[in-house]
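Single-structure report; data block below.
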Amino acid sequence: MNFIKAFLLLFLVSSCQVTETITINADGSGSIEVIQLRDENSYMQLAGENYSRENVFRDTTYIFKEYIKNYNGNFIKYTNEEQKLFEKYTNVKVLIKESSFEKEFKSTFSLDFKKASEIPDLYKTEDYADDIKYNYALTAESHYYKIDYGFDGKVFKRLVSITNPAELQKTKDEFKKAGSKYVSLTQTYTLRYHFPEKIKSVSNEKAILSPDKKSLALEFQLSECLQNPEMTNLEVVLE
């Protein structure tokens, strides 16, 4: 990641709100939805006079398997291991709305799963779709962390691990260079999880439980998560 790309990423995420919602049923199946929404007030402060000059429109809906089908000539060029990685995203649904006229910038990624361990890292979905379309190497692997999930009927785990320490350090350096104005704006990262049974314990004491103790909400500052992704690790034990 060069400086310009890193700075652009920093600019965008500093005005973004991310919500990750997971619902798990009694049999271990469930659904996940990740919504990335640009906070217009924060973005306006960062963009200044360029805010009114913005001219963007994109309204796209697709299921990932459509990319595998439509660009199969590229897909079959990947190794078996890479193809299996893409296939984990087969049923991921994507909805992207970017409109400078309506001032709405929102991306939604969703998936119904049979078990939590099947959930792919949805934050890489667009990167992988572009890889197949343009026959790129796995660009999403330049991400410096990955997210895995697990549920055995009683214990749910959200596992974040660092895959590229050098890129993580670059991100920390860019935030340091950018200064406080980029980290003082609205930029939340919220986890909302719903379970079939009451929650007995949560590894993060800041989690807020619902009155029936079957759901939780946990909010972070996005800038802090990007500099320390592992802080979003979570273990939830059910009764």
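The values are calculated or read from the model by the stated rules, or taken from the named source; none is laboratory data. What you are looking at is a predicted structure, and each value in this text was computed from that prediction instead of being measured. With ideal geometry, Cβ positions are generated from the backbone for all residues, glycine too; neighbour counts draw on all protein chains shown.
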Within segment 188-239, residues being farther than 22 Å from S161 by Cβ and among the β-branched types (V, I, T) number 3
Restricting segment 67-108 to residues that are touching a residue at least 60 places away in the same chain (Cβ under 8 Å) and of a type in the set (V, I, T), the one farthest from I147 (Cα to Cα) turns out to be I68
Of those in segment 87-99 that are at pLDDT below 95 and surrounded by 15 or more Cβ atoms within 10 Å (Cβ to Cβ), the residue nearest to I32 (Cα to Cα) is I96
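Looking at E66, E82, can you tell me which residue is modelled with pLDDT of 95 or more, charged (D, E, K, R) and in a helix (DSSP H, G or I)?
From the options E66, E82, the qualifying one is E66.
Restricting to segment 219-235, give me the number of residues that are under 13 Å from Y193 (Cβ atoms) and buried (at least 19 other Cβ atoms within 10 Å of the Cβ).
2
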Just one listed residue, out of E235, E239, is closer than 25 Å to K146 by Cα and among the acidic types (D, E), and it is E235
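Search segment 147-176 for residues being touching a His at 6+ places or on another chain (Cβ under 8 Å) and in a loop (DSSP other than H, G, I, E, B), and hand back the single one that is surrounded by the most Cβ atoms within 10 Å (Cβ to Cβ).
If we take residues in segment 147-176 being touching a His at 6+ places or on another chain (Cβ under 8 Å) and in a loop (DSSP other than H, G, I, E, B), then N164 is surrounded by the most Cβ atoms within 10 Å (Cβ to Cβ).
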Might you check whether a residue that is loosely packed, with under 13 Cβ neighbours inside 10 Å, at pLDDT below 90 and not in a strand (DSSP E or B) occurs anywhere in segment 181-191?
-> yes
Taking segment 206-223 and keeping residues free of Cβ contacts under 8 Å to residues at least 40 places away in the same chain and outside any loop (DSSP other than H, G, I, E, B) leaves I208, L209, S215, L216, A217, L218, E219, F220, Q221
Scan segment 51-62 and give yes if some residue there is of a type in the set (G, A, S), modelled with pLDDT under 65 and either part of a helix (DSSP H, G or I) or touching a Pro at 6+ places or on another chain (Cβ under 8 Å) (or both), otherwise no.
-> no
Note on segment 109-138: residues β-branched (V, I, T) and either loosely packed, with under 14 Cβ neighbours inside 10 Å or under 26 Å from T21 (Cβ atoms) (or both) are I119, T125
In segment 102-146, residues that are over 11 Å from F86 (Cα atoms), among the β-branched types (V, I, T) and in a helix (DSSP H, G or I) total 1
